[in-house]
Amino acid sequence: MSLFRTKSVEQSIRDTEEPEHQLRRELSGLDLTVFGIGVIIGTGIFVLTGVAANQTAGPAVAVSFVVAGIACALAALCYAEFASTVPVAGSAYTFSYAALGELVAWIIGWDLALEFILAGATVAVGWSQYFAVFLETLGITLPAALAGGEDGAFNLPATLIVLILTAVLVGGIKISSRVNAVIVTIKVAVVLAVIIIGAFFVKGSNYTPFVPPSEPTDGGSGVDATLLEAIFGQAPANFGISGIFAAGALVFFAFIGFDIVATAAEETKLPQRDMPRGILGSLAICTALYVAVSLVVVGMQNYAELDTEAPLAAAFQAVGQPFVANLITVGALAGLTTVVMILMMGQSRVAFAMSRDGLLPRWLSRVHPRFGTPYRITIIVGLLVAALAGFIPLEELAELVNIGTLFAFALVSAAVIILRRTRPDLRRGFRVPWMPVIPILAVLTCVMLMMFLTVETWLRFLAWMALGFVVYFLYGRRHSRVGKAAADGGEPAPDGRSAGTS
């Protein structure tokens, strides 16, 4: 029984027709684009812009967003081809199963759990902080013990928002789409207001120097150094050309989410046409908004004076616009709400696909007879994210989300090349141009950004992967439907038993 046994694309598609494990196709290309915008625009545009400009890149932070956007665009082309070819829940997990084999698919699924669950909890904590600020504008102050933070024993707002959004997700993909569309409209309107109003307060002198000269930094030794510094012995430094790429690795967090659109392939009416539109369209819109916001904020205030906790709001306060500062708080609150919801949706779909394949318990993949959603796994994911957001400080683990996502992007990009060679006969609704140049560039760009993450982040990532190997060999490999079918000489039967060739 090979560790690299593949699951055919045809079998993956047949599995979507099992009555007890069948999701409803209710999403359009517009729904997918709005989902993508809903999860991409979040804390990154309201916080990371100031952090990256102030500490790492200066006014050239706009270039850092372009670098991160290019890395995502290269990977997005690969995701678009896979999602239009294999319109099945699971995204990178399902794609890897078809091209690279079961062990790699498991690694990807385990990796995505790290990305989605940890990111969901981290963003929920950020949501609670903005919610506390919003309540203060209304004259309401939460008890310190329930507000999260250093003195809090339990983060009540973060837990409640996760549980509410879990109920929305269980209620159906269409209602989730409608809730998302309303909130996305609010936050995009806020972002556009920031760009338009902020443009009137831009000073050309704040853009000079656009790329500040490189400066040595006291931090970055040992496990706090980037992997690039640890390997080549380069002294830690901020700003300059290396600062632009280091900031690119940091603001990459702001782009996480377009890949989640691919997890909804099985719930899309015309996936061959609409998946590429949703993935590429949402990424293009968000990249343009990110670059515009970053140019405005560093033009309004010198990069060295930018606030690193709420840079946009502080910049408008500095120019005497408190109303816009309060508007940004509302936009951030709306933005983070949809991010949490769609991250949990993505994780539930990946786990749904893994359980349908037997790598996780099969009972998790049961679909609700009324709502048509994988309600069991959705509830479990919601409870797990709520617990993490409520009790565990997550700041130091946030970089794990970046490395996990970059790793998944690199493997999916490589898998596109392999599936083109092994299954050239497959009908592809979208084809990556300039094959294999684009996928190779995607892999190299992702690896480059991973090199700018710290050694500590790499060690934590490898420890998580090691735990994943243990779980696979203790459970997943023994219960795999593809593995059982291979042992019997056939393909998995619809009810989960193995079917022989006869």
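Values in this text are rule-based calculations from the coordinates and carry no lab data. Since this is a predicted model, take the numbers as computed values, not measurements. Please note: Cβ atoms are built from the backbone with ideal geometry, for glycine as well, and neighbour counts cover all protein chains shown.
Restricting the chymotrypsin sites (Phe, Trp or Tyr not before Pro) of region 405-473 to loop positions (DSSP other than H, G, I, E, B) with no more than 10 neighbouring Cβ atoms within 10 Å leaves W434.
Rounded, prolate or oblate, given the Cα gyration tensor of region 346-388, with a/c below 1.5 counting as rounded? Cα axes put region 346-388 in the oblate bin.
Between L441, L359, I195, the Cα set farthest toward the positive side of the dipole of region 9-488 (charges on each charged residue's Cβ, about the Cα centre) is that of L359. Comparing Cα centroids, region 17-95 and region 254-271 end up 8 angstrom apart. In the chain, the longest principal axis of the Cα atoms and the axis of helix 29-40 are about 50 degrees apart. Nearest 10 degrees is fine. How inclined is helix 240-251 to the longest principal axis of the chain, computing both from alpha carbons? Tilt relative to the chain: about 50 degrees. Assuming a ≥ b ≥ c are the square roots of the Cα gyration tensor eigenvalues, decide whether region 358-443 counts as rounded (a/c under 1.5), prolate (otherwise, with a/b larger than b/c) or oblate. Oblate shape, in that a/c is at least 1.5 and b/c is the bigger or equal ratio. Computed about its Cα centre, the charge dipole of region 347-479 is approximately 980 debye, with only Lys, Arg, Asp and Glu carrying charge at their Cβ. Rounded to the nearest 20 debye, the dipole magnitude of region 251-371 is 720 debye, with +1 charges on Lys and Arg beta carbons, -1 on Asp and Glu beta carbons, and the Cα centre as origin.
Cβ crowding within 10 Å ranks T6, T122 as T6, T122, fewest other Cβ atoms first. Close amide H contacts of T16 (hydrogens built in the peptide plane, cut-off under 5 Å, sequence separation of 5 or more or a different chain): none are found. About its Cα centre, the chain has a charge dipole of approximately 1860 debye under the convention of +1 per Lys or Arg Cβ and -1 per Asp or Glu Cβ, with nothing else charged. If you line up the long axis of helix 322-356 against the longest principal axis of the chain, both from Cα atoms, how many degrees apart are they, to the nearest 10? Helix 322-356 sits at roughly 20 degrees to that axis.
Between the residues F258, V296, A466, the greatest Cα displacement towards the positive end of the dipole of the chain, with unit charges on the Cβ of Lys, Arg, Asp and Glu, is found for F258. Projecting the Cα atoms of I45, S177, S8 onto the dipole axis of the chain, where Lys and Arg carry +1 and Asp and Glu carry -1 at the beta carbon, places S8 farthest toward the positive end. Specify whether the C-alpha gyration tensor of the chain places it in the rounded, prolate or oblate class, a ≥ b ≥ c being the square roots of the eigenvalues: rounded for a/c under 1.5, otherwise prolate if a/b is larger than b/c and oblate if not. The shape class here is prolate. Mean sequence separation of contacting Cα pairs (under 8 Å, at least six apart), scaled by the length of the chain, corresponds to a relative contact order of 33 percent.
Count charges around A92 for me, please; just the other residues with Cβ under 10 Å from its Cβ, Lys/Arg as +1, Asp/Glu as -1. Computed value for this residue: -3. The lysine pair count for the chain, using Cα distances under 24 Å and pairs eight or more places apart or on different chains, is 4.
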